[in-house]
């Protein structure tokens, strides 16, 4: 089943979330965190893909705190719009929204375990979720602001994906994260730029996407069983 639902954070804020359920019982739950483009068609398709693999996936509309129904494409104008919304929302407000999704997932899957995966802005938010919330594992794709939170320690097994051609994330930052957190599994993909796992972006890199997904699914299988 694919649908939008309404959830409520502990501070009373109500927000939309896209929910994709598998056929039959879910292996586990996944919090899927958006890019700066909202819970658009791409993020919905990501959730659908996880559901096809047996996971219950929920993606919160984190921009709802400032603007509802955000669904952006991939142009220079929408990048600017998404960045402005991201800056307006900030880093603290998304945390209770993510926690509300984790609670909803626990209610749906019962005793099954819960993971988190995020992309771009969501890659950094996935790091925050791993450090601040109760998750069983986490994955971040090209989280460019993880350096701001490098002193925070993930509380569950965490995997990060980066590309060598990402103009916004210098490899020195990736090296610093690796040095500060040797227990975090970090993968770097030659020739891949920012957003390499999104087939609607100019930097889409099919080879890196396939390998990163293979590694991600193995991470989920190892830690959410």
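Assorted remarks:
- Sole residue being closer than 21 Å to residue 18 by Cβ and crowded, with 24+ Cβ neighbours inside 10 Å, chosen from 112, 126: 126
- Residue within segment 174-191 that is surrounded by 18 or more Cβ atoms within 10 Å (Cβ to Cβ), touching a strand residue (DSSP E or B) at 6+ places or on another chain (Cβ under 9 Å) and assigned to a strand (DSSP E or B) present: yes
- Applying the condition of being closer than 19 Å to residue 174 by Cα and without any contact (Cβ under 8 Å) to a residue 40 or more places away in the chain to segment 198-218 and asking which residue is surrounded by the most Cβ atoms within 10 Å (Cβ to Cβ) yields 209.
- Residues of segment 138-158 that are crowded, with 24+ Cβ neighbours inside 10 Å and either part of a loop (DSSP other than H, G, I, E, B) or in contact with a strand residue (DSSP E or B) (Cβ under 6 Å, 6 or more places away or on another chain) (or both): 138, 139, 140, 141, 142, 143, 158.
- Being part of a loop (DSSP other than H, G, I, E, B), crowded, with 20+ Cβ neighbours inside 10 Å and on the phi > 0 side of the Ramachandran plot is a property that holds for residue 195.
- Filter result (closer than 16 Å to residue 116 by Cα and without any contact (Cβ under 8 Å) to a residue 60 or more places away in the chain) within segment 22-44: 39, 44
- Residues located in segment 1-28, provided they are surrounded by fewer than 16 Cβ atoms within 10 Å (Cβ to Cβ) and either in contact with a strand residue (DSSP E or B) (Cβ under 6 Å, 6 or more places away or on another chain) or part of a strand (DSSP E or B) (or both): 2, 3, 4, 5, 6, 8, 14
- Exactly one residue among 84, 51, 80, 59 is out of contact with any helix residue (DSSP H, G or I) (no Cβ under 9 Å at 6 or more places or on another chain), surrounded by 15 or more Cβ atoms within 10 Å (Cβ to Cβ) and either touching a residue at least 24 places away in the same chain (Cβ under 8 Å) or not in a loop (DSSP other than H, G, I, E, B) (or both), and that residue is 51.
The numbers here are math on the coordinates, done by the rules we state, and not lab data. Because the structure is predicted, anything quoted here is derived from the model rather than measured. Glycine gets a Cβ as well: all are built from the backbone with ideal geometry, and neighbour counts include every protein chain shown.
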